[in-house]
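The structure appears right after this line, and notes come after that.
Computed from the coordinates by the stated procedures, all read-outs in this text should not be read as laboratory data. Computed from a predicted structure; not experimentally measured. We place every Cβ from the backbone using ideal geometry, glycine too, and count neighbours over all the protein chains shown.
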Amino acid sequence: MSLDAVLKVGGSLSRGQNLDSLCREIASLGRRHCLLVVPGGGQFADQVRDAYRQYELSETAAHRMALLAMDQYGYLLNQLIPGSLLATDLHLARQTAGSRQTVVLLPSKLIIQADPLPHSWKVTSDTIAAWVAHMAGCRRLVLLKDVDGLRAVVDGAGLSGSTLIPELKVKQLAERAGGVDEYLPSFLATVNLETWVINGLRPGRLTELLQTSCTTGTRIAGS
């Protein structure tokens, strides 16, 4: 059975008070949809960044340490998503998610062995989750962050601010900065993957997206 979505739970969500609510919603949705969760890095990856600067680590060492940071966040998500299971093997993860059990993927072993992406801070869990979705044959990636989506800066009539972008093409994503990691547009240009950026602090939006294929957020159309 194919996956309905790969969900990347952003590390920024671990710093607030709403992660519990999101995880309970994911558990409920996992009983009706085939879902695979990829953890972000969060505070665990922040510690790697600090060590990278302090000790002048190599890009490869930092890359692998950041992958282990994702594993640590994955263990946390497993504790917070009732009934979820941990997996390190992608084939097993797909099979388990197909039986309506939410799976949290610990990605370090898989990514280190396959080594599919540059060893750079331009690559974060956004691109890693996109690679996982592509390899799992899933056509939808949902990046759950602490923002409503990607925004465009507007400045007119003496007023400045930002407005939510409902949809972007991959080429347009490559022409802007911020919101997702720097390498993601390059990777999305090579695959056919529908990507959403939505607010994980509002779990109802994830439910709406899975039920109706639309919600408040930014949709990045597949290439």
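A dipole drawn for the stretch 76-223 from +1 and -1 charges on Cβ atoms has a positive end, and of Leu209, Leu150, Val132 the residue lying farthest that way is Leu209.
Straight-line reach from Lys109: taking Cα to Cα under 16 Å and skipping same-chain neighbours fewer than 8 places apart, the aspartates and glutamates in range are Asp71, Asp89. Among 73-86, 51-64, sorting by the average number of other beta carbon atoms lying within 10 angstrom of each residue, highest first, gives 73-86, 51-64.
The residue among Leu57, Leu141, Thr190 whose Cα reaches farthest toward the positive pole of the charge dipole of the chain, with charges on the beta-carbon of Lys, Arg, Asp and Glu, is Leu141. Distant-in-sequence amide contacts of Val104, defined by a placed amide H-H separation under 5 Å and a gap of 5 or more residues or a different chain, comprise Val37, Leu85, Leu86, Ala87. Of all DSSP bridge pairs formed entirely within the chain, close to 30 percent run antiparallel. Computed from point charges on the beta carbon alone (+1 for Lys and Arg, -1 for Asp and Glu), the dipole magnitude for the chain about its Cα centre is near 500 Debye.
First check a/c for the stretch 159-223, with a ≥ b ≥ c the square roots of the eigenvalues of its C-alpha gyration tensor; if it is under 1.5, answer rounded, and if not, answer prolate when a/b is larger than b/c or oblate otherwise. Oblate is the answer for the stretch 159-223, as a/c is 1.5 or above yet b/c matches or exceeds a/b. In order along the stretch 112-127, phi translates into HN-Hα couplings of 5, 5, 6, 6, x, 10, x, 8, 7, 6, 5, 9, 10, 5, 4, 5 Hz, rounded to whole numbers, per the Karplus curve 6.51 cos²θ - 1.76 cosθ + 1.60 with θ = phi - 60° and x for Gly and Pro. Working note: 222 nm ellipticity from helices only, DSSP H runs with n ≥ 4, each -39,500 (n - 2.57), summed and divided by the residues of the chain, gives -12500 deg cm²/dmol to the nearest 500.
Local charge sum around Gly83 (other residues, Cβ-Cβ under 11 Å, Lys/Arg +1, Asp/Glu -1)? Could the numbers behind the result be given before it?
Values: positive: Arg24, Arg31, Arg100; negative: none.
Within the 11 Å Cβ shell, the charges total +3.
Simple point charges give the picture: +1 on the Cβ of Lys and Arg, -1 on the Cβ of Asp and Glu, and for the stretch 100-223 a dipole about the Cα centre of about 300 debye. For Lys171, the aspartates and glutamates whose Cα falls under 18 Å of its own Cα, not counting residues fewer than eight places away in the same chain, are Asp126, Asp181, Glu182, Glu194.
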